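Here the structure is laid out as structure tokens; the discussion comes afterwards.
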Amino acid sequence: MKKEYQEDEKQIARDKALKFAISTLTKNRHKSSIARKSYVRDIKNHIQNNESFHDKKISSLLTNEEIKRWEAFYESIIKKKKPSELRVAYLSGPNPENDIEVLVANGVLPENIWAFESDNKTYSKAVISALESKFPFVKIYRGKIETYLKILPFKFDIIYLDFCATLASGNTLSVVRDIFFYQKLETLGVLITNFSFPNKQNPANLDYRENLTLLGANYLYPKPFTEHYTGLGGNYTETPECHGIDHAEFIKIAKRNEKTFYSQLITRILFDLPSVIIPFQRLADNETLINLFFKNFNKDSFDENYEEDKLCFPNDNSMVWGLSNFFIDKPSFIKFFNRFKNQLSISNNESKLLEQIELVCYFMTERFQDDLHSEKLDSIRKKWKITDKHIFCDVFMFHQLKDILVGQLTGPYFYNVDYTRRWTYRAKETEMYMDLITYDECRYIFDWMPTLDMFGEGIENMDRQLSLRFAMDSVTKQRRWYNEEFFSGTAVVDQGTKTFEAKVLTKRKIIKK
């Protein structure tokens, strides 16, 4: 008789995910970071061989010595690792050896594996099962994983959260939130999540399932780009408004393709949470950071036309729209939506979440006002000459400098689209959606620049400017179709250029035995 959680499809999904995560962080480590070690050098070589005379002339100012310094700095952050050096955390369940066997078979040391189980009965079963297995000394902790995330003084390379619950159930997303809020994933790390989708054959699930679909429609509608609406997604398509699709029609499309919309919702939340939602809250929640960058940080500073623009242009305010309920009039959804947002909030307060996100979005994008910045930041803005001759693909504007300075202190994690894998399978009667996402803190970009007080002088160095811009190109190529809040418009070479392409998600794969 098979042990629990050993169905064929489950085993295949587990094996694929854990093996891929280990290879990503070891033999493919320098490929799976957002910027590969050779990225700055590769950009310069490409420009010298292919671009305009003026771009060649400017890029030639980047010296080989500066490139070597950046590569050495990169290596100091993205250090090589062997499987035996990886630290793994996961949710135990009654048979913790299921996952341990795969991890150990692929080189992870049992001593580097941490398992957590909050249910007392399941914990007892897990301990007995582990003691009877080949791994009697594995660490299994009784209690919620989020409790230990706040206690443990180290980070994990791989965190595997096999929730067996929906994206919006209980505290599933709050666990993910805490992983990134407390920065418990290594600077280059892999998060694996597994969420269920309620079986529609059970009448008790129908309202909840519909609310999940409505949540997907609400959250995805304002995005400048989504995945395809059918066939479990993949690739990208422009905002529904560009296709003449209004709110009501978009909801109808979502209801016809509920699995695809649920699939996309999971991935986009897992993209947005560590790269935008948490860093923005971290900034808005810290008075020292606010005063460092901005002044009059409140809604009284909003331009008189902002509210009208916000309502009229959802794709220009996609994060605010996605966290607001602009068009779904259903009482059970409103309660459901608020509970969902509570999990995204670092203070478990959905109203505060929306207020903070809106404030930071407004101040980060400037809204063409000159009186939003701190004295130091304003002095840098006044020196920034966007009217100088246009070089490279995108014009490097002042708000991109703010992205670097804010990111340096708010600790975003960016996702690597090329090293994202998604599967769906059926466990007994339940559909499961597994996402594996490789995240990178990109400290080789943020820490390559000086602090705000020294930024004005440091940025005048042409070597440093060029190496920074070339490295930033790597981030914009990952987030091109999926985020516009950080590093928008920082491409140095065109998004279709070979080896520097804008990265595109493939559709979720179906696992069948």
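The values are calculated or read from the model by the stated rules, or taken from the named source; none is laboratory data. Given the structure is predicted, the values throughout are model-derived calculations rather than measurements. So basically every Cβ, Gly included, is an ideal-geometry build from the backbone, and we count neighbours across all protein chains shown. These accessible areas exclude ligands, DNA and RNA; they are computed on the full protein's heavy atoms, side chains included. Shrake-Rupley method; radii C 1.70, N 1.55, O 1.52, S 1.80 Å.
Observations on the model:
- Filtered by the rule that a residue be open to solvent by 10 Å² or more (accessible area, probe 1.4 Å), of a type in the set (Val, Ile, Thr) and modelled with pLDDT of 95 or more, the stretch 421-445 gives a lone residue, Thr424.
Each row is one residue, and each column tells you yes or no for (1) at pLDDT 90 or above; (2) hydroxyl-bearing (Ser, Thr, Tyr).
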site	(1), (2)
Arg381	no, no
Ile386	no, no
Lys389	no, no
Cys393	no, no
His399	no, no
Leu409	yes, no
Tyr415	yes, yes
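- Out of Phe250, Phe197, one residue alone is over 26 Å from Tyr439 (Cα atoms), of a type in the set (A, V, I, L, M, F, W, C), over 21 Å from the mean Cα position of the chain (by Cα) and surrounded by 15 or more Cβ atoms within 10 Å (Cβ to Cβ). It is Phe250.
- Every residue from the stretch 275-303 that is assigned to a helix (DSSP H, G or I), closer than 18 Å to Gly411 by Cα and open to solvent by 10 Å² or more (accessible area, probe 1.4 Å): Arg282, Ala284, Glu287, Thr288, Leu289, Ile290, Asn291, Leu292
- Tally, over the stretch 304-330, of residues that are aliphatic (A, V, I, L, M), open to solvent by less than 10 Å² (accessible area, probe 1.4 Å) and either more than 21 Å from Trp481 (Cα to Cα) or over 27 Å from the mean Cα position of the chain (by Cα) (or both): 0
- Hey, Gly216 surrounded by 15 or more Cβ atoms within 10 Å (Cβ to Cβ), modelled with pLDDT of 95 or more, within 19 Å of the chain's Cα centre (by Cα) and not in a helix (DSSP H, G or I) or not: no
- Those strands (runs of 3 or more DSSP E) lying entirely in the stretch 135-198 with at least 2 residues among the hydroxyl-bearing types (Ser, Thr, Tyr) and either free of Cβ contacts under 8 Å to residues at least 60 places away in the same chain or out of contact with any Leu (no Cβ under 8 Å at 6 or more places or on another chain) (or both): 185-197
- Yes/no for Leu61 being touching a helix residue (DSSP H, G or I) at 6+ places or on another chain (Cβ under 9 Å) and surrounded by fewer than 18 Cβ atoms within 10 Å (Cβ to Cβ): yes
- Criterion: under 30 Å from Glu146 (Cβ atoms), surrounded by fewer than 18 Cβ atoms within 10 Å (Cβ to Cβ) and in contact (Cβ under 8 Å) with a residue 24 or more places away in the chain - qualifying residue of Glu7, Glu71, Glu97: Glu7
- Contact map, the stretch 318-333: first residue more than 17 Å from Leu353 (Cβ to Cβ), second residue among the β-branched types (Val, Ile, Thr) and modelled with pLDDT of 90 or more, Cβ cut-off under 9 Å, separation 6 or more or different chains; pairs are Phe327/Ile251; Ile328/Ile251; Ile328/Ile334.
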